[in-house]
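Reading through the structure tokens given below for one structure.
What follows is calculated from the coordinates using simple rules that are stated; it is not laboratory data. Note that the structure is a prediction, hence the values are computed from the model and not measured. Please note: Cβ atoms are built from the backbone with ideal geometry, for glycine as well, and neighbour counts cover all protein chains shown.
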């Protein structure tokens, strides 16, 4: 299993923190958002990772050059990061999708036990990692389910249609790799392809009859980093306590 981390964006909602610093390089404890992701992947035995870069990519490259441990990392620069959404970032690294892989949003932090649960989930072509909570807001990437099967995914689902939230981590295995790459190709040929989220491709596949499985990680620790308020939550969960520092210590 390899990992693809989508870290091309600037994180404009985090300004002025991201005036020059890419969101993935914001400090968390003794490392950065990206550093913590890579350390957690390493703990799970993942040896290869591809990072899609964009805003101030030279700073990301410099940070990666400092790393002495963890997965073997390569980067792919997305020159369209200012005008394209993350479906285009996935398109940029489609050639790396020749073996089973995870796609992880560059602003999602997660515990080692959460990742272990995702990797240990029953084999399936495409698996979306979800969480369940009491209520959802307009910024949540909500999901409609039939048991463990995903029927739709998007931010505009109504409360009646919502049974969970995608956390920004997907697993692709076997035929799922080719299914996803073909859908990327189809979407990028459309006029709005570069402006689409990659999860819109998952939504289309689900509605077209492709079985999309889900793994529920309810109760595990994770957080998404979009706003200054989110940053404080991430720092509290992952970066400030002695327990957190030991839990995510660099291998």
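How much length is gained if the chain between residue 30 and residue 197 is pulled fully straight, taking 0.36 nm per residue apart and subtracting their Cα-Cα distance, in nm to one decimal?
Values: separation 167, 0.36 × 167 = 60.12 nm, distance 3.13 nm.
Gain in length upon complete extension: 57.0 nm.
Expressed in nm to one decimal, what extension gain is obtained for the pair residue 190 and residue 204 from 0.36 nm per residue of sequence separation less their Cα-Cα distance? Show your work: numbers first, answer last.
Details: separation 14, 0.36 × 14 = 5.04 nm, distance 1.35 nm.
Taking residue 190 through residue 204 to full extension adds about 3.7 nm, to one decimal.
Specify whether the C-alpha gyration tensor of the range 84-198 places it in the rounded, prolate or oblate class, a ≥ b ≥ c being the square roots of the eigenvalues: rounded for a/c under 1.5, otherwise prolate if a/b is larger than b/c and oblate if not. Can you show the working numbers first?
Numbers: a/c = 1.66, a/b = 1.19, b/c = 1.40.
Oblate.
Output needed: percent of Cα pairs per 5 Å distance bin for the range 31-125, bins running from 0 to the one holding the longest distance.
Distribution as computed: 2, 11, 23, 24, 22, 12, 5, 1 percent.
Given a 10 angstrom Cα cut-off, can you work out which residue in 214, 156, 53 is the most mobile in a GNM of the chain?
Comparing 214, 156, 53 in the GNM, the peak value goes to 156.
With a 10 Å cut-off between alpha carbons and a GNM built on the chain, which of 111, 196, 208 moves the most?
208
Could you calculate the contour length gain from residue 119 to residue 148, that is, 0.36 nm times the residue separation minus the distance between their Cα atoms, to one decimal place in nm?
8.8 nm is the gain from fully extending residue 119 to residue 148.
Given Cα pairs under 8 Å that are at least 6 residues apart, what percent is the relative contact order of the range 2-244? Please list the in-between numbers first.
On the way: 465 pairs, mean separation 59.0, N = 243.
Relative contact order for the range 2-244 comes out at 24 percent.
In a Gaussian network model over the chain where Cα atoms closer than 10 Å are linked, find which of 84, 223, 123 has the largest mean-square fluctuation.
Of the options given, 123 has the highest mean-square fluctuation.
Would you mind putting 160-166, 42-48, 104-110, 23-29 in packing order, based on average other-beta-carbon counts within 10 Å, highest first?
104-110, 23-29, 160-166, 42-48
Quick one: give the max-minus-min coordinate of the C-alpha atoms of the chain along each principal axis, largest first, in Å.
Projected onto the principal axes, the Cα atoms of the chain cover 45, 38, 34 Å.
Out of all DSSP beta bridges in the range 2-244, what portion is antiparallel? Express it as a percent rounded to 5. Spell out each step's value before the answer.
Numbers: 22 of 42 bridges.
For the range 2-244, the DSSP antiparallel bridge percentage is about 50.
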